[in-house]
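First comes the structure, then the notes that go with it.
The values are calculated or read from the model by the stated rules, or taken from the named source; none is laboratory data. Only a predicted model underlies this, so the values are computations on that prediction, with no experimental measurement involved. Cβ coordinates were reconstructed from backbone atoms using ideal geometry, including for glycine residues, and neighbour counts include every protein chain displayed.
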Amino acid sequence: MPVFQYTGYDPAGKARNGILDADSAKEARIQLRAMRLHVTELTAVETLTASTARRYLPKFLQSRQRQQVIMLTRQLATMLRSGIPLASCITALVDQAETPDLEVVLRDVREKVTQGVPFGDALAAHPGYFDDLYVNMVKAGEASGNLDEVLSRLAEFTHKQERVRSKIKAALAYPMVMVVFGVVVVIVLMTFVVPRILTVLTKGPGRGVTDLPAPTRILVATSDFMSTYWLFVIGALVAGLVMFRLALRSDDFRYRWDAFLLRMPVLGDLMRKSCVSRFCVTFATLLRSGIPALQALTIVKGIVGNKVMERVVDEVHDKIIEGADISGPIKKSGVFPPVVGYMIAVGEQAGTLEEMLTRVAESYDEEVELSSQKVTSLIEPVLIISLSVVVGFIVIAVLLPIMEIGQRAGRR
């Protein structure tokens with residue numbers, strides 16, 4: 001059934017807007033007339049796709065979107081556990097949707113479910129909100145008859161993933177703010193403040209640029225370049241960023257870049273532990289939900305977030321098809337820490353692979369938190385010292401000619 005978005009006024013003259021289901025625009029207007037609304041605008045709303053939900057949403061809106069999915073998953077699991085039919089549960093979620101986009105998605109899912117479409121297939125039509133992992137776990141829950149339990153597990157899993165993601169962002173937020181603030185301060189000094197000071201210092205006979213101290217001449221040359229070519233510098237930075245983002249779409253370049261990130265002294269360790277934690281908890285959650293190992297590995301490959309580890313997961317997938325175990329390729333990869341391979345081997349031999357993966361994930365979650373604090377404590381003093389050196393050089397370069405002028409005046 002099509003979905004329509006309306007804008008109008010109630011009998012009291014207050015503006016109203018919302019979303020409703022109707023077979024046609026005419027039927028929608030009849031419903032709104034029955035609600036005693038004077039309609040000023042009525043438009044058919046397309047359901048969200050991956051392009052509209054992922055390609056154009058800023059990062060902070062994507063985070064909010066994930067939080068909405070976590071909340072509705074928990075609520076849905078609770079209602080299903082209470083014996084409420086699935087269609088009625090989705091109707092309750094529609095009534096309390098926080099955004100119009102989410103309401104449109106839920107209305108479409110409800111319509112498909114009432115028409116007899118499996119719940120997992122209805123969710124699969126909206127990959128911007130429900131990714132492959134989510135959809136496959138829901139399908140497994142439907143097949144096993146434990147949809148409420150799977151949804152509870154899924155809500156807990158997504159919450160943990162969001163918490164780990166938030167810890168990494170928090171660790172990198174302060175250094176990034178420091179870098180941006182420092183760059184802005186230096187640009188303002190070099191573009192506006194320093195040229196005016198140097199103009200005063202070079203006025204008068206015998207005060208040319210060539211007569212200034214070496215640090216001051218370097219500062220003058222840098223300031224002149226930034227004042228003259230600042231648009232070119234900004235354009236070059238923007239062009240470089242765009243080219244870098246385009247290059248990341250290439251698998252080979254992305255692989256080399258991810259390998260470089262893993263080799264970085266401090267950040268590499270943090271990213272490695274984060275990827276390992278994500279791999280273990282996702283794999284364990286999928287296996288516990290009844291999804292076969294091969295299918296689970298295919299899903300996990302798109303979750304780990306690192307091309308180097310993706311290739312290792314691909315190798316594990318191929319080796320399993322050949323009859324090998326899971327731990328062998330992980331031990332030989334050189335990417336996963338050795339302890340992860342040995343823990344998985346123990347879990348395979350004891351028949352407790354899901355439990356062992358969960359323990360590894362919990363251990364590495366703690367490691368991620370500690371590494372985040374370590375990154376912050378190491379980067380902060382480095383940035384402060386770097387900014388202090390730059391600003392100190394500018395101050396010295398400005399003070400040196402002033403001191404020379406004062407010495408000359410004293411001799412006279």
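Some notes on this structure:
- Top-ranked residue in region 318-328 [being outside any helix (DSSP H, G or I) and either within 31 Å of the chain's Cα centre (by Cα) or on the phi > 0 side of the Ramachandran plot (or both); ranked as modelled with the highest pLDDT]: Ile326
- Residue in region 329-364 that is nearest to Thr282 (Cα to Cα), counting only those that are assigned to a helix (DSSP H, G or I) and β-branched (Val, Ile, Thr): Thr358
- Filter result for Glu367 (in contact with a helix residue (DSSP H, G or I) (Cβ under 6 Å, 6 or more places away or on another chain), part of a helix (DSSP H, G or I) and modelled with pLDDT of 85 or more): no
- Matching residues in region 304-338 - criterion: being within 23 Å of Gly351 (Cβ to Cβ), surrounded by 15 or more Cβ atoms within 10 Å (Cβ to Cβ) and among the β-branched types (Val, Ile, Thr): Val313, Val316, Ile320, Ile326, Ile330
Table: residues versus (1) surrounded by 14 or more Cβ atoms within 10 Å (Cβ to Cβ); (2) part of a helix (DSSP H, G or I); (3) at pLDDT 85 or above; (4) not acidic (Asp, Glu).
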{"site": "Val220", "(1), (2), (3), (4)": "yes, yes, no, yes"}
{"site": "Asp224", "(1), (2), (3), (4)": "yes, yes, no, no"}
{"site": "Trp230", "(1), (2), (3), (4)": "no, yes, no, yes"}
{"site": "Val242", "(1), (2), (3), (4)": "no, yes, yes, yes"}
{"site": "Ser274", "(1), (2), (3), (4)": "yes, yes, no, yes"}
{"site": "Gly290", "(1), (2), (3), (4)": "yes, no, no, yes"}
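- Residue match in region 368-383 (condition: assigned by TED's automatic domain parsing to the domain that holds Ile320, under 30 Å from Arg217 (Cα atoms) and aliphatic (A, V, I, L, M)): yes
- Residue in region 103-117 that is assigned to a loop (DSSP other than H, G, I, E, B), of a type outside the set (Gly, Ala, Ser) and in contact (Cβ under 8 Å) with a residue 40 or more places away in the chain present: no
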